[in-house]
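Enquirer: Have a look at the structure that comes next, please.
The values are calculated or read from the model by the stated rules, or taken from the named source; none is laboratory data. Since we're looking at a predicted model, the values are computed, not measured. Cβ sites come from the backbone with ideal geometry, for glycine too, and all protein chains shown count toward neighbours.
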Amino acid sequence: MEKVKVEDAVGMILGHDMTQVIPGEFKGVRFKKGHLVQKEDIPVLKSMGKDHIYLMELGDDECHEEEAANRIAQAIAGQGVSYTQASEGKVTLKAEYGGLLKVDVDLLYRLNNIEDVTIATLHNNTVVEAKSKLAGTRIIPLKTAKGNIEEVEELSREKELLRIKPFIRRRIGVIITGNEVYYGRIEDKFASVFKSKAAEYNLPIEEVIYAPDDPQRIAEAIQKLVETGIELILTGGGMSVDPDDVTPTGIKASGARIESYGAPVLPGSMFMVAYLGEVAILGTPACAMFNKRTILDLILPRVLAGEEVSREDIIALGHGGLCRSCQECNYPICPVGKGV
């Protein structure tokens, strides 16, 4: 890089974008890379605090920051991910459609360990809408060795760093258990909670079945929903260790495979994940009626995206699994569930 006074730069070409900041009015690129400096640019440059500018000379084995950022973005953008062209040396990656963002965290570490390379992403398993910002990338200096970018490209051929999984499980059924609700002793509050959760994904609840505290009746309700083509069953109530809470027994009696019962997440520790064939069953404890966000909010989008959530996935939620019960809930802009 050659440093010259702005007065001596007339007729020369800028080697990088130059940002102008006018507080409260404007922040953006004032002069782009490749701009031929004119005499009238000198006072503008000086108002930007630039008494000197860099002119760049690239060696055959070097890559300019904008080319580098464009190539990195192209390498790391997987299914459902688009990207802008570099501006001020940075590229933004966005979602082409709504769904579940998957980030290969191990690969992200390896890529950021390459000299000069920086990639910042949202957390893995974040629910995103179309056009949502997912990540940004740039190199630190104005140029870098081509070998660094080639290493990014090589590693990214093996795995996708960023991809969007669409929500493919769309048919949801609900079973509300408990004698107190079934026999009309109290009004049900659970179905409305499930309807609200499904509405966040623009999905309806196709059927709600009420069952007493009878494992066989619960099992029959599950089997009925499966026979109608339901892809996800949400059960509400009866998940504790009390003698009358028999929903886990009923889920098992249906023939479902119990993947996990109990979770290191608060609220939501009595949560169950089970599968009857391809149908996912999420046994949801009563805390979902009284807390705005629980473990259901962490698992539901992954199941809707077609993932088979494992016991290992549930265990991993312990790091960051404690809700702080904030007076004003800002989930998902919140650390809960972000430890994995």
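Enquirer: Which residues, taken from region 246-284, are touching a residue at least 40 places away in the same chain (Cβ under 8 Å), of a type outside the set (S, T, N, Q) and not in a loop (DSSP other than H, G, I, E, B)?
Expert: G250, E259, L266, V273, L276, V279, A280, I281, L282, G283
Enquirer: Still on this structure, I have one more. Could you tell me whether V10 is among the hydrophobic types (A, V, I, L, M, F, W, C), part of a loop (DSSP other than H, G, I, E, B) and not assigned by TED's automatic domain parsing to the domain that holds N148?
Expert: Numbers: among the hydrophobic types (A, V, I, L, M, F, W, C): yes; part of a loop (DSSP other than H, G, I, E, B): yes; not assigned by TED's automatic domain parsing to the domain that holds N148: yes.
Yes: the conditions hold for V10.
Residues checked against (1) buried (at least 16 other Cβ atoms within 10 Å of the Cβ); (2) in contact (Cβ under 8 Å) with a residue 40 or more places away in the chain; (3) in contact with a Gly (Cβ under 9 Å, 6 or more places away or on another chain):
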{"site": "F31", "(1), (2), (3)": "yes, no, no"}
{"site": "K50", "(1), (2), (3)": "yes, yes, no"}
{"site": "M56", "(1), (2), (3)": "yes, yes, yes"}
{"site": "E66", "(1), (2), (3)": "yes, yes, yes"}
{"site": "A69", "(1), (2), (3)": "yes, yes, yes"}
{"site": "I76", "(1), (2), (3)": "yes, yes, no"}
{"site": "G80", "(1), (2), (3)": "yes, yes, yes"}
{"site": "L108", "(1), (2), (3)": "yes, yes, no"}
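Enquirer: Restricting to region 216-241, count the residues that are at pLDDT 95 or above, part of a loop (DSSP other than H, G, I, E, B) and either in contact with a His (Cβ under 8 Å, 6 or more places away or on another chain) or among the hydrophobic types (A, V, I, L, M, F, W, C) (or both).
Expert: 1
Enquirer: Still on this structure, please answer the following. Condition (residue is of a type outside the set (D, E) and under 30 Å from V309 (Cβ atoms)) applied to region 50-71: is it met by at least one residue?
Expert: In the first step, residues of region 50-71 are kept if they are of a type outside the set (D, E); the result is 50, 52-56, 58-59, 63-64, 68-71.
Now drop any that are not under 30 Å from V309 (Cβ atoms), which leaves none.
No, region 50-71 contains no residue that is of a type outside the set (D, E) and under 30 Å from V309 (Cβ atoms).
Enquirer: Residue pairs, Cβ under 7 Å, 6 or more apart or interchain, first in region 164-184 and in the same structural domain as S196 (by TED's automatic domain parsing) and over 30 Å from A305 (Cα atoms), second hydrophobic (A, V, I, L, M, F, W, C) and in a loop (DSSP other than H, G, I, E, B). List them.
Expert: What qualifies is E180/I186.
Enquirer: Out of (1) closer than 22 Å to L276 by Cβ; (2) without any contact (Cβ under 8 Å) to a residue 40 or more places away in the chain; (3) not in a loop (DSSP other than H, G, I, E, B), the odd one out for D213 is which?
Expert: (3)
Enquirer: Every residue in region 175-196 that is assigned to a helix (DSSP H, G or I) and crowded, with 19+ Cβ neighbours inside 10 Å, please.
Expert: Residues satisfying the conditions are V181, F190, V193, F194.
Enquirer: Just to be sure before I move on: is G320 free of Cβ contacts under 8 Å to residues at least 40 places away in the same chain, in contact with a Lys or Arg (Cβ under 6 Å, 6 or more places away or on another chain) and over 22 Å from A198 (Cα atoms) in the structure I sent? Lay out the reasoning, then the answer.
Expert: Details: free of Cβ contacts under 8 Å to residues at least 40 places away in the same chain: yes; in contact with a Lys or Arg (Cβ under 6 Å, 6 or more places away or on another chain): yes; over 22 Å from A198 (Cα atoms): yes.
Spelling it out, G320 is indeed free of Cβ contacts under 8 Å to residues at least 40 places away in the same chain, in contact with a Lys or Arg (Cβ under 6 Å, 6 or more places away or on another chain) and over 22 Å from A198 (Cα atoms).
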